[in-house]
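Please read the structure below before turning to the comments.
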Amino acid sequence: MKSKVTVIGAGNVGATCAQRVAQGGYADVVLLDIVEGMPQGKAIDMMHSHPIVGSSRSIVGTNSYDDTAGSDVVVITSGSPRKPGMSRDDLVAVNSAVMNSVVPQVLKHSPDCILIVVTNPLDAMVYLVLKISGLPSSRVMGMSGVLDTGRFRSIIAAHLDVSVQDVHACILGAHGDTMVIMPRLSTVGGVPLTQLLSKQEIDKLVDRSVKSGAEVVSLLKTGSAFYAPGIAAAQMAESIVLDSKRILPVCAYLDGQFGLSDIYLGVPAKIGADGVEKVLEFELTDEEKLALDKSAESVRELIAKLDLS
Ligand code: APR
């Protein structure tokens, strides 16, 4: 059966994601934006790379939701990125309006799809999309942890001068400054990081990791990170389309797990054809639980600013 992934927003993150999915060879891709001509031009350009990379999948650029009909997965990247000096939270009003415009149109044409939200402020936007869509929470998730762990893994690997492939990481909580990085569950070749580095060394890596999104923003000056975010969203789409049941760190709806309810937060989860098929819950230390509760509080403050009427 042919699979179809639509990416809403053909900007930096969306285009990167679309290209990655199409090159993965497991789905045809539709790339939609409100800007006329831009998604069409990017799609043609990407298609020209397919003979070179050996992908037979199609990428269609469009301004019409008709072309998105029957999508299995829809990745929402439309909205504004932050500029230097802005936090992700500053984007709440502008990007809420974008979600309100996009989500009903997506569902009209793809009522059975699974939604992956990338737009920031992530945890609040996923919650908003759940409410707008009326879908079961298993079919609405956000991309945060694949990116955040990717950043931490790459920083650990560089520090230890080892292959990133053997570095794994666990991060819980919000996609923002309150994210809860879990060094005791982050491993290098299966060995916990806490047994390889001192607390001071780990604290430095954690700090760099939490600030790495802002580091990219301050260097780019005209937008936020997009290569790693786009590729991270594509990895989630792949696990859904191929029903791989990967355990990925994603922004998932919590219904009592970790003592938290009616909130979206980063947690490890099984991602397959049914979306978020299971949240992996485990025991936290008192310190970790306090940090996760603080992170949840920061998300609830943003959710309180949403117009959910
Ligand atoms: N419908 C479709 N596309 C839209 C809409 C809309 N209602 N509103 C905006 N867009 C499009 C813009 O035209 C633009 O092409 O969304 C795209 C956003 O692209 P960029 O400005 O390049 O932003 P990007 O870096 O891709 O980030 C997108 O992802 O990581 C987050 O914080 C980031 O919220 C931001 C989002």
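The values are calculated or read from the model by the stated rules, or taken from the named source; none is laboratory data. Computed from a predicted model, the values in this text were never measured in an experiment. As a convention, Cβ positions derive from the backbone with ideal geometry for all residues, glycine included, and neighbour counts pool all protein chains shown. Accessible surface areas use protein heavy atoms only, side chains included; no ligands, DNA or RNA. Shrake-Rupley method; radii C 1.70, N 1.55, O 1.52, S 1.80 Å.
Miscellaneous remarks
This table checks each residue for (1) farther than 30 Å from E201 by Cβ; (2) modelled with pLDDT under 95; (3) within 14 Å of the chain's Cα centre (by Cα); (4) open to solvent by less than 30 Å² (accessible area, probe 1.4 Å).
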{"residue": "T119", "(1), (2), (3), (4)": "yes, no, yes, yes"}
{"residue": "S137", "(1), (2), (3), (4)": "yes, no, no, no"}
{"residue": "M143", "(1), (2), (3), (4)": "no, no, yes, yes"}
{"residue": "D148", "(1), (2), (3), (4)": "no, no, yes, yes"}
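- From the list K278, K289, the lone residue that is of a type in the set (K, R), open to solvent by 60 Å² or more (accessible area, probe 1.4 Å) and within 24 Å of P229 (Cα to Cα) is K278.
- Taken as a whole, segment 79-98 holds at least one residue that is assigned to a helix (DSSP H, G or I) and touching a strand residue (DSSP E or B) at 6+ places or on another chain (Cβ under 9 Å).
- Scope segment 1-37; condition of a type in the set (S, T, N, Q) and surrounded by 24 or more Cβ atoms within 10 Å (Cβ to Cβ); matching residues: T6, Q19
- L91 meets the conditions (1) at pLDDT below 95; (2) within 10 Å of the ligand (Cβ to nearest atom); (3) open to solvent by 20 Å² or more (accessible area, probe 1.4 Å) in every case but one. The failed one is (3).
- Only one entry of D33, D28 meets the criterion of being under 17 Å from S71 (Cα atoms), touching a residue at least 24 places away in the same chain (Cβ under 8 Å) and within 10 Å of the ligand (Cβ to nearest atom), and that entry is D33.
- For the condition within 16 Å of the ligand (Cβ to nearest atom) and either of a type in the set (V, I, T) or farther than 30 Å from G275 by Cα (or both), E215 qualifies.
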